[in-house]
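Engineer: Sending over a structure as structure tokens; questions will come in a sec.
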Amino acid sequence: MKLYITPMSPYARLARILVIEKGLGTRVEIVKAKTRSVGSPYYLINPSGRVPYLITDAGIGMEDSQLICIYLDSLDGEPRFHNPSHETDWAYRRVEASARSMCDGISVWTREMQRPESERSPTVLAHEAARMQRMADFFEMQILNPPLQEPRGMAHLILAVALEGAEKRGPGSLTDDRPRLAAWLRRMSELPSIKATALP
């Protein structure tokens with residue numbers, strides 16, 4: 001299989017984490033894609049130009065980190081991060097959706113900051129920065145509740161990727177003055193899969 005990624009994409013990072021967590025390193029080739037570039041050959045592989053993008057052993061391409069992570073997790077018939085019990089565990093699903101929302105907002109902020117300064121929207125940046133703070137407050141209150149304790153699911157991975165992304169590529173640490181969230185992130189950051197895919 002081939003997994004097309006860009007090193008800075010949090011969504012591609014989630015797929016890379018699943019490759020490691022599920023022991024698929026010998027089955028999945030990681031390929032760096034050239035995106036947001038006119039005429040990139042990657043567009044012949046994935047017309048949307050988004051990452052991650054997985055080409056399965058059968059030669060079938062699939063896009064979207066959620067879909068790809070579910071697929072990778074299911075290959076051995078023993079999903080660890082998409083436990084069937086989560087399908088109707090509304091407390092868990094609520095937390096996972098919130099983590100994804102936080103990750104999305106951080107990505108919007110980061111993309112906006114990549115624009116030339118004259119093209120950036122102060123309104124968008126302010127909105128996303130405020131949303132990050134509200135979400136961090138939410139997770140500081142939620143972090144000790146069962147959905148974010150063991151066993152780990154996608155909610156854990158998404159939240160860890162979001163928090164590290166904010167610190168390294170976003171406006172800064174979201175765990176300052178949030179001791180429970182900071183302690184949780186320190187534990188998550190020690191996972192080999194999180195370390196191996198850490199942003200530079």
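Engineer: Could you calculate the FRET efficiency of Arg93 with Leu44 from 1/(1 + (r/R0)^6), where r is the beta carbon distance between them and R0 is 45 Å, rounded to 0.05? Could you put the intermediate results ahead of the total?
Structural biologist: Working: r = 37 Å, r/R0 = 0.81.
Computed FRET efficiency for Arg93 and Leu44: 0.75.
Engineer: Okay, moving on. Among 3-14, 101-112, 40-51, what's the highest-first ranking by average C-beta atoms within 10 angstrom per residue? Write down the numbers at each step before the final one.
Structural biologist: Numbers: 3-14: 21.2, 101-112: 19.5, 40-51: 15.2.
Averaged packing, sorted descending, gives the order 3-14, 101-112, 40-51.
Engineer: Next question, about the same structure. Rank by packing, highest mean first: peptides 153-161, 15-23, with packing defined as the count of other Cβ atoms within 10 Å averaged across residues. Display every interim value, and only then the final one.
Structural biologist: Values: 153-161: 24.4, 15-23: 21.3.
Ranked from most to least packed, the peptides come out as 153-161, 15-23.
Engineer: On to the next question. Given the C-alpha centroids of the stretch 1-25 and the stretch 60-123, what is the distance between them in whole angstrom?
Structural biologist: After rounding, the separation between the Cα centres reads 13 Å.
Engineer: Once both labels are modelled 7 Å past Cα along the beta-carbon direction, what's the Glu190-Arg80 spacing in nm?
Structural biologist: Between Glu190 and Arg80, the label points sit 1.7 nm apart.
Engineer: What is the calculated FRET efficiency for Ala182 to Ala58, with r their C-beta to C-beta distance and R₀ = 45 Å, to the nearest 0.05? Please report the intermediate quantities before stating the final value.
Structural biologist: Numbers: r = 44 Å, r/R0 = 0.97.
It comes to 0.55.
Engineer: Could you name the lysines whose alpha carbon sits less than 19 Å from that of Lys2, not counting residues in the same chain fewer than 8 places away?
Structural biologist: Here the lysines satisfying the reach criterion relative to Lys2 are Lys22, Lys32, Lys34.
Values quoted throughout were computed directly from the atomic coordinates according to the rules given, and no laboratory measurement underlies them. Model, not experiment: these values are computed from the prediction. Heads up, the Cβs are rebuilt from the backbone with ideal geometry, glycines too, and the neighbour counts pull from every protein chain shown.
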